[in-house]
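Beneath this line is the structure, given in structure tokens, with notes to follow.
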Amino acid sequence: MPRDFLKTSDSSAQQLGEVIESAIRFKSGEEKSRALAGHSVALVFFNPSLRTRASMQVGIYELGGNAVVLEPGGTSWTLEHRDGVVMDADKTEHVAEFVRVLGRYCVAIGVRTFAALKDWQAERLDPILNAFAKYSDVPIINLESAMHHPCQAMADMMTIREKLGGGKKKVLMTWAWHPKPLPMAVPNSFALAAAQMGHDVVIAHPQGYELDDELVVDIRRQASGAGGGITISNDIKEAFEGAEVVYAKSWGSRNFYGAPEKDVAERAQYRSKWIVDEEKMARTNSAIFMHCLPVRRNVIVTDGVIDSASSVVIDEAENRLHVQKSILAKLIH
Ligand code: CP
């Protein structure tokens with residue numbers, strides 16, 4: 001494993017497979033590591049969370065450790081991440097001191113820092129996450145950044161393996177209408193991890209909602225190396241044909257970062273069309289339904305689908321706990 005867990009493509013497919021194997025053992029109770037006994041892990045949240053925060057706190061406790069939860073601008077000082085700035089505005093502390101001080105108390109630092117959806121060219125480089133990694137003396141774990149949510153993606157890969165067994169699956173990741181633009185971290189990481197696992201992945205979205213060009217090149221390269229394939233479709237109904245996994249997520253258009261009202265106007269045409277419903281699920285090969293949660297019912301997915309036997313969203317959320325214990329135990333040893 002690399003020192004930091006920032007995105008799944010920093011690890012090989014074999015290393016990701018070992019994370020999943022270990023997570024399965026944690027879930028069954030066979031693995032009882034106390035890798036964090038006597039240690040603390042900092043969890044830094046710039047943004048809200050239910051699953052990530054709760055599953056990390058519980059996982060650290062179950063590994064024998066202690067979680068220190070901080071919210072910059074709330075329970076800790078406001079943070080500057082840019083190098084060389086004159087800090088005469090609203091930021092009180094620089095990441096350079098923040099992470100090195102935390103490193104004297106804690107054996108790892110988790111950080112959640114969403115895209116602000118204001119400046120695509122800047123945010124696609126994940127500047128806050130990378131400032132944490134640059135200055136830290138201890139491992140940094142990405143708890144969802146502007147571009148990646150690797151812990152979610154690992155829970156997703158574990159869930160596919162758990163529900164459908166090993167081997168290549170036909171996986172659809174579909175954009176869905178939502179009243180406002182959302183970050184791209186979840187779809188980026190899901191598609192990347194699914195490609196690394198060698199699945200046949202269909203990425204479906206309306207025109208104008210393309211993922212990052214460089215990332216798509218990497219996703220295709222990973223898929224090719226792992227024996228899978230990537231298809232990009234703008235036809236939501238066709239995309240569901242024969243799928244074994246349906247993964248729904250909404251995201252904002254990179255064309256409208258800084259102008260959310262334009263994205264809202266553009267996406268209005270897709271309401272009630274780009275939704276996961278019973279009719280589209282009937283086109284699949286008895287697919288399981290996945291979503292990272294939180295999800296807006298009857299917006300992203302109908303009650304009929306999310307409440308059906310094919311929905312695995314609660315198991316998927318549970319698996320965050322097991323994969324994160326596995327990742328923590330591998331990073332801290
Ligand atoms: N899926 C996920 O990361 O959930 P939270 O935003 O609640 O942490």
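Excluding same-chain neighbours fewer than eight residues apart, the lysines reachable from Lys27 by a Cα-Cα span under 24 Å are Lys7, Lys163, Lys168, Lys169, Lys325, Lys330. The GluC sites (Glu not before Pro) found in segment 149-248 include none that occupy coil by DSSP while having at most 13 further C-beta atoms within 10 Å.
Divide the volume of the convex hull of the Cα atoms of the chain by its number of residues and quote the answer in cubic angstrom per residue.
126 Å³
Judged by the ratio a/c of the largest to the smallest principal axis of the C-alpha gyration tensor, segment 83-168 counts as oblate, that ratio being 1.5 or greater while a/b is no larger than b/c. Determine ³J(HN,Hα), in whole Hz, for all residues of segment 81-95 in sequence, where each value follows from phi through the Karplus function 6.51 cos²θ - 1.76 cosθ + 1.60 and θ = phi - 60°; x replaces Gly and Pro. My calculation for segment 81-95 gives 10, 7, 7, x, 7, 7, 7, 9, 9, 9, 8, 9, 9, 9, 3 Hz in order. Sequence-ordered 3J(HN,Hα) estimates for segment 142-152 from the Karplus curve with 6.51, -1.76 and 1.60 and θ = phi - 60° stand at 7, 9, 3, 10, 4, 10, 9, 9, x, 5, 4 Hz, glycine and proline given as x. Loop-resident GluC sites (Glu not before Pro) (DSSP state other than H, G, I, E or B) in segment 1-74 with no more than 14 further Cβ atoms inside 10 Å of their Cβ: Glu30.
If the segment from Gln14 to Arg34 were pulled out straight at 0.36 nm per residue, it would be longer than the present Cα-Cα gap by 4.8 nm.
How would segment 218-328 be classified by its alpha-carbon gyration tensor: rounded, prolate or oblate, with rounded meaning a/c under 1.5 and the a/b versus b/c comparison settling the rest? Rounded, because the longest to shortest axis ratio a/c is under 1.5. Between the listed residues Phe98, Thr113, Val171, the Cα displaced farthest toward the positive end of the dipole of the chain, a dipole computed from Cβ unit charges relative to the Cα centre, is found at Val171. Cross-link partners of Lys134 among aspartates and glutamates, defined as those whose alpha carbon lies under 13 angstrom from its own and excluding same-chain residues fewer than eight positions apart: Asp4, Asp83, Glu97, Asp126. The residues of the chain expose, per residue, 42 Å² of accessible area to a 1.4 Å probe. The relative contact order of segment 1-153 comes to 27 percent, based on Cα pairs under 8 Å that sit 6 or more residues apart. For the chain, the fraction of 1.4 Å probe accessible surface lying on carbon and sulfur atoms is 50 percent.
Shape class for segment 3-66: oblate, because the ratio a/c of the largest to smallest gyration tensor axis (alpha-carbon atoms, square roots of eigenvalues) is 1.5 or more and b/c is at least a/b. Straight-distance candidates among the lysines for linking to Lys262, with alpha-carbon spacing under 23 Å and chain neighbours fewer than 8 residues away dropped: Lys118, Lys180, Lys249, Lys273.
Taking amide hydrogens as placed 1.01 Å from N in the peptide plane, the amide H of Thr174 sits under 5 Å from those of Ala204, Tyr247, Ala248, Lys249, each at least 5 positions away in sequence or on another chain.
In this structure the amide hydrogen of Gly65, modeled in the peptide plane, comes within under 5 Å of the amide hydrogens of Leu36, none closer than 5 places in sequence on its chain. Net charge dipole, the chain: roughly 400 debye, given to the nearest 20, about the Cα centre with Cβ charges of +1 for Lys and Arg and -1 for Asp and Glu. Sites listed here are trypsin sites (Lys or Arg not before Pro) in segment 62-140 whose DSSP assignment is loop and whose Cβ has at most 15 other Cβ atoms within 10 Å: Arg82, Lys118. Normalised by the number of residues in segment 84-189, the average gap of Cα pairs under 8 Å and 6 or more apart makes the relative contact order 28 percent.
Summary value for segment 257-330: 30 percent relative contact order, contacts being C-alpha pairs under 8 angstrom separated by 6+ residues.
The values are calculated or read from the model by the stated rules, or taken from the named source; none is laboratory data. Keep in mind it's a predicted model, so treat the numbers as computed, not measured. All Cβ positions, even for glycine, are placed from backbone atoms using ideal geometry, and neighbour counts span all protein chains on display. Quick note on the areas: whole protein, heavy atoms, side chains included, nothing else; ligands and nucleic acids left out. Shrake-Rupley method; radii C 1.70, N 1.55, O 1.52, S 1.80 Å.
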